[in-house]
Amino acid sequence: MPRTPVDIGATFDSIAEAFDATRARPWSFVTDWLEGLGPLEGPMVDVGCGNGRHLAVAGQRGMRGIGIDLSVRLLAIARQRVGPDTDQRSGDARDLPIATDAAGAVLAVAVIHHIQEAGGRKDAVSEIRRVLAPGGEAIVSVWALDDPDVVARARARPMEGGDGADMLVPWRAPGGPTVDRYLRVISPGELADILVNRGLEVARSWDAGANHVALVHAP
C-alpha cells in the first residue's frame with residue numbers, strides 16, 4: 001500500500017499553540033553555535049523557524065534574522081516573539097525565498113527529517129548550499145530515531161506503507177486531539193552523505209540529546 005503524503009505545514013498549524021507552549025526554550029547546541037558566530041555579512045536564516053525561539057536568541061546577539069516556515073500559525077507566533085529586525089517568510093525548505101549567497105549563516109534544526117521524499121531532502125540541503133554565502137556556516141540537525149531509546153521516548157511507530165524508516169510521532173496536547181507528525185529516520189552517516197553530496201563541507205558532527213547535529217561550511 002503506498003504511503004499517504006503528510007502535509008507538514010498543516011500538521012504544525014494544527015498544534016501551533018500547544019507546540020509553542022512547550023517549545024519556548026532554545027536548544028543549547030543552537031545557542032552555543034550562535035554565541036560562537038563572528039560578525040555576519042548577511043542575515044542568519046532559520047529554515048523551519050517554528051515559533052521563533054532561536055531567531056529571538058539571534059536578535060538578542062545583534063544578528064539580523066530571517067525565519068522561514070510552512071506553518072502560517074507558527075510564523076504568527078514567531079512575529080510576536082522576535083524584534084522588528086527579524087523577517088518572517090512563508091516558504092518551503094526545498095525552495096527557499098532567499099537570494100543566492102545572501103545568508104551569512106543558516107540554521108536548519110529538525111527540518112529535513114520532516115520531508116518524506118529522498119529527492120526533497122536533497123533539494124532542501126541544496127537550497128542551504130545555494131543561499132549560504134561562500135565561507136558561511138550552517139547547523140543541520142535531525143532527530144536520532146535510529147536510537148531505540150529515542151524511538152521509545154518519542155512513541156514513534158512505522159508509517160503504514162513506508163519502508164521502515166518512515167515514522168509517525170504523535171503529538172498529544174492536553175485536552176486536544178492526537179496529531180501525528182511525519183519523521184524520517186536519518187543516521188549520522190546518511191546525514192553527512194547528503195550534506196557532502198550537495199556541496200557542503202562537514203566540519204564537525206555530534207549528538208546533542210536526541211539529535212544528530214552537523215556543523216557545515218560553504219566552500
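All of the numbers you see were taken from the coordinates with simple rules; none came from a lab. This structure is a prediction, so every number in the text was calculated from the model and none was measured. Cβ sites come from the backbone with ideal geometry, for glycine too, and all protein chains shown count toward neighbours.
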Requested in this report: Evaluate the distance, in nm, between pseudo-label points positioned 7 Å from the Cα of Ala21 and of Ala110 along their respective Cα→Cβ axes.
Outcome: 1.7
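Just to verify a number: FRET efficiency for Ser187 and Gln80, C-beta to C-beta distance, R0 = 45 Å, to 0.05?
Values: r = 37 Å, r/R0 = 0.82.
It comes out at approximately 0.75.
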**Report entry** Peptides ranked, highest mean first, by Cβ atoms within 10 Å: ranges 186-196, 170-180, 71-81
**Finding:** 71-81, 186-196, 170-180
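What share of the DSSP beta bridges in the chain is antiparallel, in percent to the nearest 5? List each step's numbers first, then the result.
Working: 24 of 41 bridges.
That works out to approximately 60 percent antiparallel.
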Query raised in the report: With each pseudo-label sitting 7 Å past Cα toward Cβ, what's the His217-Ala165 distance in nm, one decimal?
Result: 2.8
Query raised in the report: For segment 80-127 and segment 190-213, what is the separation of their Cα centres, given in Å?
Result: 16
